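Novice: Quick one: the structure is below, and I'll ask about it shortly.
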Amino acid sequence: MLDQPDELPPRPAWFVGAYIAATGALAVLALVVAWLVGGPPRDLVAAGVLAVMAMGSWVLRVHVLTRVSLAAGSIIALASSVLVGPFGGAVINALAVALERGPRPLRARVFNTAMNAILGAVAGLTYLWAGGAADLTHVTGVAEIMARVGGPFMLANLVQTVTNVLLLGGIVWADRGDNYRQFVGSMLTSTGLAQVGFGVIGFLFVILWVPAGVGPFSAVLILMPLFVARWAFVQYSEERAAHDRTLAAFVAAVGARDPYAVGHSERVAVLAEWISEQLGLTSAQSTALRYAAMLHDIGWIGAPAHPAADGRHGFADVDTLMGHPDRGADLLREISFLHDSLPGIRHHHERFDGEGYPVGLAGVAIPQSARIIAVADAFDTLTSTGPGRPCLSCPQALDELWARAGSQVDPTIVSALERALERHPWTGASVEMTGTAFDHDDPATSDLVSGTVARTGTRRS
């Protein structure tokens, strides 16, 4: 289901409107076909109970992605399409969204209503096409139930899920210009298992209602596990919120020590997220990467934020500089939810040619998260003003990174950033740095450190 759009610039209203109008036309066609094939709702009592359940399903909704949500309505819609037929299922599914409580943009409500009508009709028609029993009162025995209800039902669930994702991918593409194939793939991988579970619950709902003879009371038996599932999702969401508050506290601490860092960590995290999208990272990998990007400079706590420059090496305290990644990883080592983020924090100043710090890893031996942060870190620095350095435009910063691809940074990560910037606007930041302080994230500083290591043999183990 489409939720509130985020802050990225939308497409022209007419473009989105055209897509919504096309979806509405498809919904009308689906309703007509559903009526012609399956006829009117077969059981008005069941239709009434299911309609009430569907319209109250918003209570159980749990958000699983930034702009997309899954709800108990998915289960009810699928069951409705079997219990009362494709037309009844389509109407019930559409009404559940059309009459939903809470604020929602008109275009989102219209699209969701049309989409849900399509989903209900598609599920019911698929079920019948696959040989599903229209009259469940005469279906008996495990074998017959599985053959005439279970198989067609799960196929209907699959078709409904795919149709849902395809339609959502279309509206996100029309509204935002997001990569259609990438969105569809991400949705299927991140929510596919949940939809299989919803399908199993919906199947049990149908079996309890008719073959088992439980009738409307089956709604109670179905809602109970859904409330338990909702509780589990809420607990997970609260845990994520607690993690985010912890991250915010650490980032604020870094900003208090180093004014340059204010906003820098957030920008690096945004860039890292964009890169991860292009590389197809899993949800768990993206989460760990985001945490690492937010905290990559946490090691500057308790140390000079920017060691003073000198005429010999460009900085006076090489140990402080080279030690901040290790200090950061050590500081966070006992925080369990950051365990997978530590490699990105510790190794984000490694160089692709092996001349970085603190260890001197090279190539793909550098953790992928660290290679991503290295590119995001450098790009944000290049597109922000610094001491004695004006900010570069995005093309200029990319040219600088490409010039360093294969030596300082990973070329595949630079390529991913370049593709991401084709879809996302980027504006650099103005950073005030005074005195003899230098920017340790400046790619030129990486060259100075590399030269110092080569001359002195300085290396942390």
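Every read-out reported here was derived from the displayed coordinates using simple, explicitly stated rules and does not represent laboratory data. Predicted model only: the values in this text are computed from it and were never measured. Note: ideal-geometry Cβ built from the backbone for every residue, glycine included; neighbour counts use all protein chains shown.
Novice: Tell me the net charge near R290. Cut-off is 13 Å between Cβ atoms, R290 excluded, with +1 for each Lys or Arg and -1 for each Asp or Glu.
Specialist: Numbers: positive: R240, R267; negative: D244, E266, E273, E277, D340.
Once positives and negatives cancel, what remains is -3.
Novice: Right, next: By per-residue mean of other Cβ atoms within 10 Å, what is the highest-first order of 183-196, 109-122?
Specialist: 109-122, 183-196
Novice: Let me ask something else. Can you run phi through the Karplus equation (6.51, -1.76, 1.60; θ = phi - 60°) for the range 174-188 and list ³J(HN,Hα) in whole Hz, with x for Gly and Pro?
Specialist: Working through the residues one at a time gives 5, 7, 10, x, 5, 5, 5, 4, 5, 4, 4, x, 5, 5, 5 Hz.
Novice: If packing is taken as the average count of other Cβ atoms within 10 Å, what order do 15-27, 159-171, 81-93 fall into, highest mean first?
Specialist: 81-93, 159-171, 15-27
Novice: What list of ³J(HN,Hα) values in whole Hz, one per residue of the range 35-49 in order, does the Karplus curve 6.51 cos²θ - 1.76 cosθ + 1.60 (θ = phi - 60°) give from phi, with Gly and Pro shown as x?
Specialist: With coefficients 6.51, -1.76 and 1.60, one gets 5, 5, 7, x, x, x, x, 6, 10, 5, 5, 4, 4, x, 4 Hz.
Novice: If the range 13-237 were replaced by its equivalent ellipsoid, with semi-axes equal to the square roots of 5 times the Cα gyration tensor eigenvalues, what would those be, largest first, whole Å?
Specialist: Largest first, the range 13-237 gives 27, 20, 16 Å.
Novice: Moving to a separate point now. Using a 10 Å cut-off on Cβ atoms, rank the peptides 345-354, 411-420 from the highest mean neighbour count down.
Specialist: Descending packing order for the listed peptides: 345-354, 411-420.
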